[in-house]
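Colleague: I am attaching a structure below and will ask some questions about it afterwards.
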Amino acid sequence: MTIGTPSGMEIKADIKPGYEQVLTPEALDLVAKLSREFEPRRQQLLAARVERAKRLDAGERPDFLPETAHIRAGDWKIAPIPKALECRRVEITGPVERKMVINALNSGADSYMTDFEDSNTPNWDNQITGQLNMRDAVRGTIALEQGGKSYKLNDKVATLVVRPRGWHLDEKHVLVDGKRVSGGIFDFALFMVHNAKEQLARGAGPYFYLPKMESHLEARLWNDIFVFTQRELGLPQGTIKATVLIETILAAFEMDEILYELREHSAGLNAGRWDYIFSCIKKFKLDKDFCLADRPKVTMTAPFMRAYALLLLKTCHKRGAPAIGGMSALIPIKNDPAKNEVAMGGVRADKSRDATDGYDGGWVAHPGLVELAMTEFKKVLGDRPNQIDKQREDVQVSAKDLLDFRPEAPITEEGLRYNINVGIHYLGAWLAGNGCVPIHNLMEDAATAEISRSQVWQWIRTPKGVLEDGRKVTADMVRAMIPEELAKVKAVAANGDNPSYVRAAEIFEQMSTSENFAEFLTLPLYEEI
Ligand SMILES: CC(=O)SCCNC(=O)CCNC(=O)[C@H](O)C(C)(C)COP(=O)(O)OP(=O)(O)OC[C@H]1O[C@@H](n2cnc3c(N)ncnc32)[C@H](O)[C@@H]1OP(=O)(O)O
Ligand SMILES: O=CC(=O)O
């Protein structure tokens, strides 16, 4: 079917019946206005990332910014947190798929981060049906009959928080004045037009998670978009609240500044650990001294991760902001109680450490983890909704601590094969339209898969990329392993005979062995869907 679009806008995608309900004139008009107003700045900021990356590749090391020392030293706090976001002990996350939206809202978690980003393949249908799901979820009417089961919302549901796409991703199906619009602006604008007022009427509000930012100037862009949108929609300034994922090494040096930019709209920070590890590999990929051990060895207790987690906590609480812990990738293991107990022990330890440190809540990947995580936070919080009053003045984190990249060993053949296997499996699932999959009993999404593929790229290039048994990791070694790992993937993956896995193996080989490092794996993948 065809729909009307604002002057200068083109939609190059199928408008299936029902899509017109979210692709309304008002929503598309806001997309067009935001694009015209802010797209040049998004492009400038993306160009600034490229320039910064060149300097890092040439050996520059990040540090706290001298020009914003007054902000770090200043005595300021973010605006008060709305009631609906005061208590976030457990936040469940998941792709914006209808059944999962219902299950997550019903999961017993305090809040639910619904994901248009890393756990979702951003194909046109997923993005638009996701918006339809959001509209129905906000109004409490979302329901589904599937597999002989009826799904509908409970009386009490989690507070909804939405993660739009990051600044790097376009929405290629929507052009304004001949140029692709930002994926994040598209997701945000549609959600705001259809839901913000309804959410306010129901005692909550439009709440967001903002991914992958690299600087406070990127946060300023979101803040300006919020101000503009609130004005356009006639909402009081400060209505929108956003939690920023600190998931790049560069953002870790600007946490105060990011909170400051968003101070009228801030709902705190989250330690997005998986993308953070990926960002460290990406930013120091050419540093001959940088090399991390096998992926499973790089945990939250690694020196650089511990420093980051504690600095985030201290920074948030100093500014009256919630500090939300990240995601343990462990998920319930079916049909193996012993292995499941080990996995649950891992999640328990993760949440216990965060709660004891002072975090106000943390992420879980699966409804089966909500109660367990809640128990760990309640042990520390008791009846309190959060522990923002727990100031961590004892924490001292320097630039050197943030850059203390250990452990470097072991790097093993098993670890290399694991990365290749996960990379192919995830890319194949993503191309087939599923952005989050269980692989080897772990949750894998774009962020975790980025670690796998970037480690392989880096181990091939760094002199430190040497296996425990003395063999250097090489492109030929990786090329030889790819067909072997592809065969293993095809044997276990859901729809393993889907051609997407063969294509995934080709892309994985290209990405890990080519001279150029792909900035995000989802960028070339997006051109394939
Ligand atoms: C690094 C980051 O960016 S983290 C944030 C992004 N990642 C995520 O959000 C992870 C989301 N999690 C998931 O997608 C899934 O849990 C997976 C893919 C890891 C595992 O999925 P599955 O193997 O299908 O889980 P499983 O079969 O145990 O599911 C059991 C039930 O729980 C539901 N479920 C599982 N995870 C979730 C979730 N996160 N939200 C809502 N429902 C869920 C399933 O839909 C299923 O429902 P049903 O019984 O009504 O059919
Ligand atoms: O988005 C979260 C992460 O851990 O990465």
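Colleague: Per Stokes-Einstein, at 4 °C and 1.567 mPa s, what whole-number D in µm² s⁻¹ belongs to the chain, with the Kirkwood radius over Cα pairs as the hydrodynamic radius? Mind showing how you got there, number by number?
Modeller: Details: Rh = 23.5 Å.
Answer, rounded: 55 µm²/s.
Colleague: Could you pull out the trypsin sites (Lys or Arg not before Pro) across region 355-434 that fall in loop regions by DSSP (anything but H, G, I, E, B) with no more than 14 other Cβ atoms inside 10 Å?
Modeller: none
Colleague: What's the center-to-center distance, using Cα atoms, between region 42-97 and region 158-191 in Å?
Modeller: Using only Cα atoms, the two centres lie 19 Å from each other.
Colleague: Quick one: if the Förster radius is 41 Å, what FRET efficiency do residue 156 and residue 231 give, using the C-beta to C-beta distance and rounding to 0.05? Before the final figure, lay out the partial values.
Modeller: Values: r = 34 Å, r/R0 = 0.82.
Computed FRET efficiency for residue 156 and residue 231 comes out at 0.75.
Colleague: Please identify which residues in region 160-186 have an amide N closer than 18 Å to a label point set 7 Å out from the Cα of residue 10, following the Cα→Cβ vector.
Modeller: Taking a point 7 Å out along Cα→Cβ of residue 10, the residues of region 160-186 whose backbone N falls under 18 Å are 170-183.
Colleague: Now, a different point. Tell me the label-point distance for the pair residue 67, residue 52, using the 7 Å Cα-to-Cβ offset, in nm and rounded to one decimal.
Modeller: 1.2 nm
Colleague: What distance in nm separates the two pseudo spin-label positions at residue 139 and residue 516, each 7 Å out from Cα along the beta-carbon direction?
Modeller: 4.5 nm
Colleague: Mind ordering 111-121, 60-70, 214-224, 14-24 by average Cβ neighbours within 10 Å, highest first?
Modeller: Numbers: 111-121: 26.8, 60-70: 12.2, 214-224: 21.6, 14-24: 14.5.
Sorting 111-121, 60-70, 214-224, 14-24 by mean packing, highest first, produces 111-121, 214-224, 14-24, 60-70.
Colleague: Still on this structure: Near residue 149, which aspartates and glutamates are there with a Cα under 20 Å away, not counting those fewer than 8 places off in the same chain?
Modeller: Candidates past the 8-residue exclusion: 97, 136.
Colleague: Still on this structure, I have one more. Under the Karplus relation 6.51 cos²θ - 1.76 cosθ + 1.60, θ = phi - 60°, what is the ordered set of whole-Hz ³J(HN,Hα) values for region 453-463, x standing for Gly and Pro?
Modeller: Listing the rounded values in order: 6, 6, 4, 4, 4, 6, 4, 4, 8, 7, x Hz.
Colleague: Return the long-range amide H neighbours of residue 210 (sequence gap of 5 or more, or a different chain), with a cut-off of under 5 Å between placed amide H atoms.
Modeller: Those qualifying (amide H under 5 Å, at least 5 residues apart or on another chain) are 243, 244, 245.
Colleague: Are there GluC sites (Glu not before Pro) in region 395-453 that DSSP puts in a loop and that have at most 15 other Cβ atoms within 10 Å, and which ones?
Modeller: Working: sites: 408, 413, 414, 444, 450; in loops: 408.
Counting only loop positions with at most 15 other Cβ atoms within 10 Å, the GluC sites (Glu not before Pro) in region 395-453 are 408.
Colleague: Also, I was wondering about something else. So in the chain, what percent of DSSP beta bridges are antiparallel if you round to the nearest 5? Please report the intermediate quantities before stating the final value.
Modeller: Values: 16 of 43 bridges.
Just about 35 percent of them are antiparallel.
Colleague: State the extension gain, in nm to one decimal, for the chain segment bounded by residue 288 and residue 83, taking 0.36 nm per residue of separation less the distance between their alpha-carbons.
Modeller: Working: separation 205, 0.36 × 205 = 73.80 nm, distance 4.88 nm.
Here the answer is 68.9 nm.
Colleague: Within the set 77/241; 241/378; 288/472; 33/179; 99/152, which residue pairs have Cα atoms separated by over 18 Å?
Modeller: Working: 77/241 15 Å; 241/378 25 Å; 288/472 14 Å; 33/179 13 Å; 99/152 9 Å.
Checking Cα-Cα distances, 241/378 exceed 18 Å.
Colleague: Additional query: Kindly write out, for region 163-169 in residue order, the coupling ³J(HN,Hα) from the Karplus curve 6.51 cos²θ - 1.76 cosθ + 1.60 (θ = phi - 60°), rounded to whole Hz, with x marking Gly and Pro.
Modeller: Per residue, the Karplus-derived 3J(HN,Hα) values read 9, x, 5, x, 4, 6, 9 Hz.
Colleague: If you don't mind, there's one more thing I want to ask. Take 404, 354 and sort them by solvent-accessible surface of the protein heavy atoms, 1.4 Å probe, largest at the top. Each step should come with its number before you reach the end.
Modeller: Working: 404 45, 354 5 Å².
Heavy-atom accessible area, descending, gives 404, 354.
Colleague: Under the rule a/c < 1.5 gives rounded, and otherwise a/b versus b/c splits prolate from oblate, where does region 260-375 land using the Cα gyration tensor?
Modeller: On the way: a/c = 2.22, a/b = 1.14, b/c = 1.94.
Judged from the Cα gyration tensor, region 260-375 comes out oblate (a/c at least 1.5, b/c at or above a/b).
Colleague: Which percent of the accessible area of the chain is formed by carbon and sulfur heavy atoms (probe 1.4 angstrom)? Show your work: numbers first, answer last.
Modeller: On the way: 10490 of 19980 Å².
Roughly 53 percent of what the probe reaches on the chain is carbon or sulfur.
Colleague: Where a ≥ b ≥ c are the square roots of the eigenvalues of the C-alpha gyration tensor, would you call region 348-476 rounded, which needs a/c under 1.5, or, failing that, prolate if a/b is larger than b/c, or oblate? Numbers along the way, then the final one.
Modeller: Values: a/c = 2.87, a/b = 1.53, b/c = 1.88.
Cα axes put region 348-476 in the oblate bin.
Colleague: Starting at the first residue of region 369-377, write each ³J(HN,Hα) from the Karplus equation 6.51 cos²θ - 1.76 cosθ + 1.60 with θ = phi - 60°, in whole Hz, x for Gly and Pro.
Modeller: 10, 5, 5, 4, 5, 4, 4, 5, 6
Colleague: Turning to a different aspect of this structure: For residue 506 paired with residue 372, estimate the spin-label separation in nm (one decimal), with each label point 7 Å from Cα along the Cα-to-Cβ line.
Modeller: Result for the modelled spin labels: 4.0 nm.
Colleague: Give me, ordered by chain and number, the residues 5 or more places off residue 466 or on other chains with an amide H under 5 Å from its own placed amide H.
Modeller: Close amide H contacts, sequence-distant or interchain: 473.
The values are calculated or read from the model by the stated rules, or taken from the named source; none is laboratory data. Small disclaimer: the values here were computed from a predicted structure and weren't measured. Quick reminder, even Gly has a Cβ in these numbers, built from the backbone with ideal geometry, and neighbours come from all protein chains shown. Just so you know, the surface numbers come from the protein's heavy atoms only, side chains and all, with ligands and any DNA or RNA stripped out. Shrake-Rupley method; radii C 1.70, N 1.55, O 1.52, S 1.80 Å.
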